[in-house]
Amino acid sequence: MLSRNIELGNTLQESLTTSQKTLATSVTQALTAQQDWVQKAIASAKAQQDAERLRVSALWWSEALYSPRLRRSYRELPPAAAAVVMALDLINLTPRLPPASVGYLLAETVGRLPEAGFDRQRPLAEWLDALRGASGVDLSPIGAALCAPPAQGRVSVRDVLTATLRGSVVDATLLKRLPGGADTPMSLPKLAHALFRQEKALILAGGKP
């Protein structure tokens, strides 16, 4: 009789221990799931806030047409200089990997400037000359803050613009390394968009902003 009672007691103890372990496991899993949900909810809310903040900031910039870098209106600048400064300003106002729509907003904004519409296409070399001869603004400090073009290999629109901003005459050798050449027709909205995308890509690859 005593042995049966002991056996029954052991069985009950094992059952209770198993139930406690099962309950503890269930509670732990529930808490973990709840914690994951809370973290995802926080991340989602932050992403929405960041997206809304970017949208408001970009739209304000587009409507204001004001350069925080130069502290003056883009309308006060020569068209070629305005397009380049706008692209670089927007780079500073946006995250490292902005939505593609930001680049198109830039192009549309540049296109609203006088003599900078999408229909005004000129060879890239002519825009470089216009940028070099821009009056009323010193662009050399802006160029000095950008990474220099690569010494060898292919170069981009961003690279030849950087060389021009630095105040040097872009030599024929550099232009020959540009796919399409310097005679490629281009509008200022397209030029600004190309500079924005290529400078962002360089920053993502580890280049200096």
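Of note:
- Comparison of 163, 182 shows that the only residue that is without any contact (Cβ under 8 Å) to a residue 24 or more places away in the chain and among the small types (Gly, Ala, Ser) is 163.
- First in region 66-87 and surrounded by 22 or more Cβ atoms within 10 Å (Cβ to Cβ), second anywhere and of a type in the set (Val, Ile, Thr), Cβ under 6 Å, 6 or more apart: 77/137; 81/137; 83/110; 86/110
- Flag for residue 88 being touching a Leu at 6+ places or on another chain (Cβ under 9 Å), in a loop (DSSP other than H, G, I, E, B) and of a type in the set (A, V, I, L, M, F, W, C): no
- Exactly one residue out of 184, 109 is within 19 Å of residue 79 (Cα to Cα), in contact with a helix residue (DSSP H, G or I) (Cβ under 9 Å, 6 or more places away or on another chain) and buried (at least 20 other Cβ atoms within 10 Å of the Cβ): that is 109.
- Candidates in region 143-173 are the residues that are under 20 Å from residue 87 (Cβ atoms) and of a type in the set (Lys, Arg); of these, the one that is farthest from the chain's Cα centre (by Cα) is 166.
- Subset of region 122-144 that is surrounded by 14 or more Cβ atoms within 10 Å (Cβ to Cβ) and in contact (Cβ under 8 Å) with a residue 60 or more places away in the chain - its residue that is nearest to residue 89 (Cα to Cα): 142
- Some residue of region 81-101 being in contact with a helix residue (DSSP H, G or I) (Cβ under 7 Å, 6 or more places away or on another chain) and more than 21 Å from residue 200 (Cα to Cα): no
- Entirely in region 111-209, the helices (runs of 4 or more DSSP H) that have 3 or more residues that are among the aromatic types (Phe, Trp, Tyr): none
- Here residue 175 passes the criteria (1) surrounded by fewer than 19 Cβ atoms within 10 Å (Cβ to Cβ); (2) in contact with a strand residue (DSSP E or B) (Cβ under 7 Å, 6 or more places away or on another chain) except the one numbered (2).
Read the figures in this text as sums done on the coordinates, not as results from a lab. Just so we're clear, the structure is a prediction, and the values are computed from it rather than from any experiment. All Cβ positions, glycine included, derive from the backbone under ideal geometry; neighbour counts span all protein chains shown.
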